[in-house]
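A quick write-up on the structure given underneath.
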């Protein structure tokens, strides 16, 4: 057996779907994938050569050129740049040993990274060494997992977070799953519908309706997919749940599988969260050994550096071994999802809400939150607040209360702008401080909660630099499929470069608006449809910024 | 006979069959909707978004080439929103690719009064021509990523799989396995990709040579 064949042995039976794991296995061993190795993988998995090349090329974390074995990923996105990330990248590019000890002759690849989901560790860095990933803690030590700050006025979803990984015995068994089995699948769905649970990944679709649609869809097998590709700049709540309470998420998946009749589940974990993989694997083993997952097989799949794969259909394409191009919808995943089969795909936090609903009932669940936004939400506070971290609070809390929870503004500053919903979100201003954070209140104010990002900028900050970060992010992450986003994210970033360096041309504001509205109105998927939201909201709030000098 | 129903396009009642797309229905009734990536011989991917239309009740513009016509639909094919999107797409395209040999797109630019220099200082996709085989030349500076060549090389026609994509986003390109010369790939030189290319990014070698004032037909 060839060396490659033995490396990718576990994935040979997967066919095309084994392509990403196979490429990742070879790269973990050699640091990159040579032409000969790629050809061997293509032959063994029966994938056309050009498509193997196309897949490697799509993902930031896969490489088809020789490179240094270890990579230092330096986050240069909005929250980290407030804490000196850009200077840090320049220093480290000149001398990586400032951050990492290297053996004589050993070299380190230093690369800028989009948001690493470590905004509470800003400026964040991750060290990739084959399958071993480590993160730089706030005290300057390399750690095998983040130390997250968790707070809030309630601790319903985060009850066991903040003290490291919760083992199965500490979790106390799957009580909600036990109760679910005394109900029919339809009763479980009805309970989730009655709870009013909305998806927490950003789109806020009613979870119960999604489950019901998949349960009624014809086709077999059915799948439950946990979307753990958390990549929205400013978001790091799913990282907390997976790191500290993986059984809560697994139990949610198990109940979802029962409700819709799924026999197989996937956890699609963001590539840059590779340090969470051992934690998830251990939790899976514990649950399997305790018989809690009988009849339901769960597989962990790693992303490979592509924000677009958080879009549900692009995520399916990625699991299927393809470039992460989003599909045209409809048909929707509940009828034509992963492998074209009925699929429920839920965000990590959404699934983490399910055990409470089933164990305590919809009425108890609704004791928190508003009529139209029931329950609690995890908010990711970052930027110029005294204590960046994850805060759980009922829907309806105000922005002001949230900021107070995070210790108020850092260094006695005053808030200038608050980016709600991440790069795909919109700017709130001090006049929004008393707004109640519910889906309905925010919609009315033309704002969005997204996945729960609250990124705060004080009065010292140059918002033009923030907009540039956002513009560069989308230009880097557009998949390139549909024209409005493929070209629009690039044109938008070019104009924002001019904005940030004080070189705006006459007509640039109108160009931003035309590009922005075209992306919003005509793009194929949610990435393009939201890629101009922050810019358009900034034009509305601070038109003077966009006047050529 | 298949099931028929009526819908409204630009205020006109039209009849459609179940399974027809909005584009098919519109064209059947002489209503023009511009398209770039659409080709009757390839699967529609709805990616150029030139065919977007307004459908009452839908929040966003809808790609007519893939949206099935439904009874009672109310469709506007040339509203101000639609116009703005199409004009901006064309202007961005002109700032991205060399459209000198894309007469259909040039006509659309005129029809929508699109300004080819709308985006000053824009970085075009500049890629040197690849002349690596006796049959065709690849000038990817002209490529508009309509995907048709990749599709006919794969399941839409030839099952040859010589080409796919490299890069991502704006810097996506059509490419061979590790950028190998076409002669080292699975290409069978069937010419289908050249036939469906809308911008002459794929051009027969003899045409390419003639354009450069060279004589491509030596005596045997």
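Each value in this text was obtained by applying a stated rule to the coordinates, not by laboratory testing. The structure displayed is predicted, hence computed values, not measured ones. Backbone-built Cβ (ideal geometry, glycine too); neighbour counts: all protein chains shown.
Counting DSSP beta bridges with both partners in the protein assembly as shown, what percentage is antiparallel, nearest 5?
Taking every DSSP beta bridge with both residues in the protein assembly as shown, the antiparallel ones total about 60 percent.
The ranking of A:446, A:382, A:17 by Cβ neighbour count inside 10 Å, starting from the fewest, reads A:446, A:17, A:382. For helix B:80-96, report the angle its Cα long axis makes with the longest principal axis of the Cα atoms of chain B; keep it between 0 and 90° and round to the nearest 10°. The two axes meet at around 10 degrees. Dimensions of region A:371-519 along the principal axes, based on C-alpha atoms and rounded to the nearest Å, stand at 42, 35, 24, largest first.
For region A:3-58, what's the relative contact order in percent, using C-alpha pairs closer than 8 Å and at least 6 residues apart? Show your work: numbers first, answer last.
Values: 47 pairs, mean separation 20.1, N = 56.
Result for region A:3-58 is 36 percent.
Determine the percent antiparallel among the DSSP beta bridges restricted to region A:376-458, to the nearest 5. Mind showing how you got there, number by number?
Details: 16 of 20 bridges.
In region A:376-458, approximately 80 percent of DSSP beta bridges are antiparallel ones.
Could you work out the relative contact order of region B:136-211? I mean the mean sequence separation of Cα pairs under 8 Å and 6+ apart, divided by the number of residues, in percent. Don't jump to the answer; show the numbers that get you there.
Numbers: 98 pairs, mean separation 32.4, N = 76.
In percent, rounded to a whole number, it is 43.
Note on region B:4-78: percent of Cα-Cα distances in each 5 Å bin, starting at 0 and stopping at the bin with the largest distance, equals 3, 18, 31, 27, 15, 5, 0.
Across all C-alpha atoms in the protein assembly as shown, the radius of gyration and Dmax reach 26.2, 89 Å.
Measuring nothing but how far apart in sequence close Cα pairs (under 8 Å, 6+ apart) lie, relative to its length, chain A scores a relative contact order of 13 percent.
What do you get for Rg/Rh of region A:70-143 when both radii come from the Cα atoms and Rh is the Kirkwood radius? Display every interim value, and only then the final one.
Numbers: Rg = 11.4 Å, Rh = 12.2 Å.
Radius of gyration relative to Kirkwood radius: 0.94.
Dimensions of chain B from C-alpha coordinates, computed as largest minus smallest value along each principal axis and given longest first, are 62, 47, 34 Å.
Prolate is the label for region A:376-458, because the ratio a/c of its alpha-carbon gyration tensor axes (a ≥ b ≥ c) is 1.5 or higher and a/b is greater than b/c. Under conditions of 20 °C and 1.002 mPa s, region A:312-451 yields 124 µm² s⁻¹ as its translational diffusion coefficient, taking Rh as the Kirkwood radius over Cα pairs in the Stokes-Einstein equation.
Note on chain B: helix-only mean residue ellipticity at 222 nm, from DSSP H runs of 4+ residues weighted -39500 (n - 2.57) and normalised by residue number, equals -6500 deg cm²/dmol.
If a/c stays under 1.5 just call it rounded; otherwise compare a/b with b/c (prolate if a/b is bigger, oblate if not). Do that for region A:463-546, with a ≥ b ≥ c from the square roots of the Cα gyration tensor eigenvalues. Before the final figure, lay out the partial values.
Working: a/c = 1.81, a/b = 1.59, b/c = 1.14.
Prolate, because a/c is 1.5 or more and a/b exceeds b/c.
Summarised in one figure, the compactness ratio Rg/Rh of region B:136-211, Cα atoms and Kirkwood Rh, is 0.93. Using a/c under 1.5 as the rounded threshold, could you call region A:151-365 rounded, prolate or oblate? The axes a ≥ b ≥ c are square roots of the C-alpha gyration tensor eigenvalues, and prolate needs a/b larger than b/c, oblate otherwise. Since a/c stays below 1.5, the shape of region A:151-365 is classed as rounded. Helix-only arithmetic for chain A: the sum of -39500 (n - 2.57) across DSSP H runs with n ≥ 4, divided by the residue total, places the mean residue ellipticity at 222 nm at -11500 deg cm²/dmol.
A convex hull fitted around the alpha carbon atoms of region A:273-321 yields 88 Å³ per residue.
Compute the Kirkwood hydrodynamic radius of region A:352-407, taking the inverse of the mean of 1/r over all pairs of distinct Cα atoms, and give it in Å to one decimal. List each step's numbers first, then the result.
Values: mean 1/r = 0.0815 Å⁻¹.
Value: 12.3 Å, from the Cα pair sum.
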